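J.: Sharing a structure here in structure tokens format.
Laboratory data are not the source of any read-out in this text; all were calculated from the coordinates shown. Every value quoted in this text rests on a predicted model; they were computed, and no experiment measured them. Cβ atoms come from the backbone with ideal geometry, glycine included; neighbour counts cover every protein chain shown.
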Amino acid sequence: MNMEERPETELISIPATPRASTPEILTPSGQRSPRPASKEAKSSTAWTPTSFISPRFLSPIGTPMKRVLVNMKGYLEEVGHLTKLNPQDAWLPITESRNGNAHYAAFHNLNAGVGFQALLLPVAFAFLGWSWGILSLTIAYCWQLYTLWVLVQLHEAVPGKRYNRYVELAQAAFGERLGVWLALFPTVYLSAGTATALILIGGETMKMFFQIVCGPLCTSNPLTTVEWYLVFTSLCIVLSQLPNLNSIAGLSLIGAVTAITYSTMVWVLSVSQQRPPPISYEPLQLPSSPATAFSILNALGIIAFAFRGHNLAMEIQATMPSTFKHPAHVPMWRGAKVAYVFIAMCLFPVAIGGFWAYGNLMPSGGMLSALFAFHSHDIPRGLLALTFLLVVFNCLSSFQIYSMPVFDSFEASYTSRTNRPCSIWVRSGFRVFYGFISFFIGVALPFLSSLAGLLGGITLPVTFAYPCFMWVLIKKPPKYSFNWYFNWILGWLGIAFSLAFSIGGIYSMVNNGLKLKFFKPPN
């Protein structure tokens, strides 16, 4: 058998010095997973699994054998446990490179957690009002932060096994078949739905940016909205040729910086301008009570959708090296904590400041639509254009990280059938295909706020429910203990909210969706 045809495996070698390091993988893209620098262990009297390999125990043994056993001790203490590796992981975008760190974790979590969904929060507040809006947003933030901690801890809950993908963890908790049925659809739907929404926002924002910059000098035949969607999709496809999740860390940093910047600019510009005269902060009332109730459920779904990103937690952690002394959950949680401090600093001011500035006059398209509709003549054109340009950069970056699990699924199916890694052309073909499928869905569904509510409802279990069930089924806390009750109650509440928010999103789409546009074309 040729070396090229043989699946890559991780080779364990025992070097000639006691400071053995973890193995590395040469991936199809030519990247190597770096070996973490091992530090000199401090002397300790605590017993370890290799304590029996001590100088006193080895004293009667000859020098060659002693050297081998000491090297083995160093390796075992560094690795901690023998991880059962899947050779196919070295071929897939999520696990192809394992040189991630806490900084990468912060960049990826910020890019996934802050984005266009924050701009829709004032729309939810228009239906909920001040009290219920702030209360719902606060509860959702604390709830999802707890479930993120749960996922980080469950990544290596079983010794010798790393759950590199959300679906793998679901299979370990719920069973092979049930785990796939429960987790695969919402995670893929969240990735594809987010990509579609990003195309809608990116294309419309590019159109508005062009009109602001060009002004009265625009040609008589500008590009249509669908053509701007196509331009944005083409840019996304070009950037999606980066091979794996670690290779887009720079894009995630750009996405995080631009999201924080434009989120701050949007609410600061809104509150600094004079509020529209007929503004009111009373929740919107629709003609019938059922319509009002479904709109409230859709608004809660928008808040749930604002905290999407947990479907990427396992994948982000999978890009980090992990040993017994340096487990991956430590840098992952350190980066996640920093990221979610910034996420709170973006989401809460946008929701509160946006609702204060526009009240129940908030357009269905969110903050950018309100800013353009009410203050396009009051704000300097250059400042307004910069805000829109930052949104475009953020959408391009977010598209990459949310599409990576779908790329990984495509390539996993290919490699499992052919038993070889994807060539550059096959990988590019998958990504072009996915980009244009998202484009066609976006053209068919040119509305956003109802889509966000439905996305929040259907994918809510991924963030709020499944992690609680997984903790009980994998960690097995004492039955009828506080931990046991707490996670079961949170999990079933998440399922109930998911059903209710999905119904609200579907109702809103059926009744209002086809009439909604993210931006109304200027006169």
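J.: Compare the peptides 306-313, 479-486, 432-439 by average per-residue count of other Cβ atoms within 10 angstrom and give them in order, highest first.
T.: Final packing ranking: 306-313, 432-439, 479-486.
J.: Next up: Lysine pairs in the stretch 98-512 8 or more apart or on different chains: how many have alpha carbons under 23 angstrom apart?
T.: Qualifying lysine pairs in the stretch 98-512: 6.
J.: Hey, another quick one. Which whole-angstrom value gives the distance between the alpha carbon centres of the stretch 253-295 and the stretch 406-422?
T.: 42 Å
J.: Express in nm, to one decimal, how much length is gained between Ser280 and Ala344 on full extension, taking 0.36 nm for each residue of separation and deducting their alpha carbon distance.
T.: That works out to 20.5 nm of additional length.
J.: If one computes P(r) from the Cα atoms of the stretch 128-199, what percent of pairs lie at distances over 16 Å?
T.: 65 percent
J.: Please identify the GluC sites (Glu not before Pro) of the stretch 118-202 that satisfy two criteria: DSSP loop assignment and at most 10 other Cβ atoms within 10 Å. Which are they?
T.: Taking the stretch 118-202 and a limit of 10 other Cβ atoms within 10 Å, no loop GluC sites (Glu not before Pro) are found.
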